[in-house]
1. Taking only Cα atoms, what is the 0 to 90° angle, nearest 10, from helix A:112-125's long axis to the longest principal axis of chain A?
2. Place the peptides A:219-225, A:175-181, A:232-238 in order of packing, highest mean first, counting for every residue the other Cβ atoms within 10 Å and averaging per peptide.
3. Can you tell me the convex hull volume per residue for the range A:90-156, based on C-alpha atoms, in Å³ to the nearest whole number?
4. Could you give the angle, 0 to 90 degrees to the nearest 10, between helix A:94-106's Cα long axis and the longest principal axis of the Cα atoms of chain A?
5. List, in the order given, every pair from B:LYS122/B:LYS302; A:LYS47/A:LYS134; B:LYS122/B:LYS277; A:LYS144/A:LYS248; B:LYS97/B:LYS122 whose Cα-Cα distance in the structure shown is over 30 Å.
6. Provide the per-residue ³J(HN,Hα) series for the range A:219-225, in order, calculated from phi with Karplus coefficients 6.51, -1.76, 1.60 and θ = phi - 60°, each as a whole number of Hz, with x at glycine and proline positions.
7. Going by Cα centres, the range B:267-308 and the range A:30-56 are how many Å apart?
8. With the cut-off at 1.5 for a/c, could you classify the range B:87-188 from its C-alpha gyration tensor as rounded, prolate or oblate?
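Where a number appears in this text, it was derived from the coordinates with a stated rule and is not lab data. Model, not experiment: these values are computed from the prediction. Backbone-built Cβ (ideal geometry, glycine too); neighbour counts: all protein chains shown.
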Amino acid sequence: MTSFIDVQNAEMVFETKKGRFHALREIRLTVDNGEFVTLIGHSGCGKSTLLNLIAGLLTPTSGVLLCDNREIAAPGPERAVVFQNHSLLPWLTCFGNVHLAVERVFGGNDSKAQLNERTRAALELVGMGHALHKRPHEISGGMKQRVGIARALAMEPKVLLLDEPFGALDALTRAHLQDELLKIVARTHSTVVMVTHDVDEAVLLSDRIVMMTNGPAATIGEIVRVDLPRPRDRVQLAEDARYVHYRKEVLEFLYTRHGHVQVAIAA
Amino acid sequence: MVSAVFHSPLDTTPVPLPGKTIELTRSAAPAAHAFNVAEPPATKAAVARVPFDWRALWLRVLPPLIGVALLIGIWGLLTLKSSTFPTPGQTFDAAVKLFADPFYQKGPNDQGIGWNILSSLKRVGLGFGMAALVGIPLGFMLGRFEFLNRMVSPLVSLLRPVSPLAWLPIGLLVFKAANPAAIWTIFICSIWPMIINTAVGVQRVPVDYLNVARVLNLSEWRVMTRILFPAVLPYMLTGVRLSVGTAWLVIVAAEMLTGGVGIGFWVWDEWNNLNVKHILIAIFVIGIVGLLLEQMLMAIAKRFSFDD
């Protein structure tokens with residue numbers, strides 16, 4: 001497999017009112033084409049910062065990020081982002097929100113009917129075909145997040161970037177959407193980078209789990225390769241010895257070795 | 001007692017909701033599906049159970065009526081023995097006579113109250129309309145470009161508190177005529193709230209929405225029409241509402257000084273005639289027209305507001 005995203009020695013320093021904040025140091029990471037990678041770590045460890053760097057919403061203080069052998073200089077539709085708080089535009093319907101993205105990416109080639117069809121197909125893919133003309137405030141949090149995912153998928157991105165997409169949802173809805181995401185990714189063979197703080201989510205979804213040390217100046221601590229066959233079933237995996245092993249490995253990293261911020265600084 | 005009787009249906013409506021959520025968490029079905037099924041019947045049942053809300057109607061209609069009655073009552077009591085100040089009854093009779101023929105025309109200085117109101121509204125419309133055409137785009141630019149904002153902000157702060165009457169001589173000097181000078185005064189006084197509110201609205205567009213625009217790589221035109229404009233619209237409409245209020249406030253003063261046909265001039269004219277009844281009527285008319293303008297813009301603002 002070829003490396004698709006290549007983060008070469010990225011450093012991120014924020015200039016804040018309180019002074020310099022060294023968020024990320026010496027980040028080296030490659031993501032293969034079609035790979036599902038999750039970034040996990042305690043809050044404040046800079047995992048969202050790293051995702052924003054890949055998205056192009058931030059530019060690194062030093063170091064280089066490549067996507068498909070081209071430098072990431074700005075955000076672009078080939079790297080679609082699903083935001084933590086869905087970020088749907090409240091004055092547009094679900095259809096309108098997705099259509100905005102579709103129009104931008106395919107407006108040059110497709111006819112109006114094709115654009116509408118793409119929009120509808122994307123919403124149906126996430127099971128929101130029944131709510132095309134609802135406004136975001138008329139649907140539940142889980143549904144909003146699905147529309148956010150539909151908006152990202154509709155652009156047919158090379159990479160799907162998810163920033164704690166299910167963080168604000170209740171456990172049942174979250175599980176349901178994780179299963180949906182697994183199915184969609186299996187169908188579209190997307191490359192995915194996802195930020196999460198949920199260990200089960202990471203093990204269930206990922207090919208590799210990137211575990212980050214605590215900030216400030218966080219970096220990649222360890223990478224676990226999850227060798228579980230796909231399609232994965234959460235109920236069966238719950239008793240699978242390998243699953244339990246991977247889960248324990250991540251937990252051990254997060255809580256035993258990098259349990260407290262103070263410990264990390266002392267070390 | 002009455003309120004207790006009407007109180008009960010309102011109180012019972014929230015009760016089914018907790019029951020529904022318990023059911024929801026118990027069911028083994030995926031949560032998203034449970035949402036779909038459980039939501040519509042619950043809302044329907046709630047709608048069916050609430051009868052027409054008489055109590056709210058009374059609370060809304062009765063107090064304002066009492067307020068108006070109280071005002072007229074005090075006015076009546078105070079003018080009971082007065083010979084110079086008209087009583088409510090006399091004023092009402094004069095109003096009936098006045099509004100029986102609102103659109104008569106007997107020369108340039110003697111026209112019906114309808115014409116006076118309409119010509120005042122025309123001036124307000126012109127002055128306010130031009131202020132909107134200049135102020136709203138200017139507000140957008142101030143919100144979008146920091147440099148421009150810092151350049152113009154001190155000027156806005158300096159000029160905004162200036163009394164409308166101070167602007168009138170400038171208008172008279174430049175336009176050499178009363179009517180454009182009055183329109184100019186309205187323009188300059190009603191432009192500030194629109195500039196300021198639009199600029200604040202642009203600055204407060206959530207970063208998330210702008211990030212969406214960046215990820216989608218939207219064109220500047222699309223960002224404007226699909227993200228900035230709808231996000232700023234509620235702020236803008238607040239500015240517009242304040243501006244219309246100011247414009248209507250200013251017109252009376254401006255017309256008193258410039259003369260011609262208009263409600264402000266009419267007040268001054270009736271004062272010269274010592275017709276206090278007509279002045280009182282004018283005060284009510286000005287108040288009611290102002291209220292209607294405000295209500296109209298509130299309705300528009302409501303139409304374009306969105307819930308997050």
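1. It works out to around 50 degrees.
2. Values: A:219-225: 15.6, A:175-181: 20.6, A:232-238: 12.4.
Output ranking for A:219-225, A:175-181, A:232-238: A:175-181, A:219-225, A:232-238.
3. Working: hull volume 4.7 nm³, N = 67.
So the per-residue hull volume is 70 Å³.
4. That works out to roughly 80 degrees.
5. Numbers: B:LYS122/B:LYS302 25 Å; A:LYS47/A:LYS134 33 Å; B:LYS122/B:LYS277 25 Å; A:LYS144/A:LYS248 32 Å; B:LYS97/B:LYS122 25 Å.
Flagged as over cut-off: A:LYS47/A:LYS134; A:LYS144/A:LYS248.
6. 8, 7, x, 7, 10, 9, 8
7. If we compute the Cα centre of each part, the gap is 59 Å.
8. On the way: a/c = 2.85, a/b = 2.41, b/c = 1.19.
Verdict is prolate for the range B:87-188.
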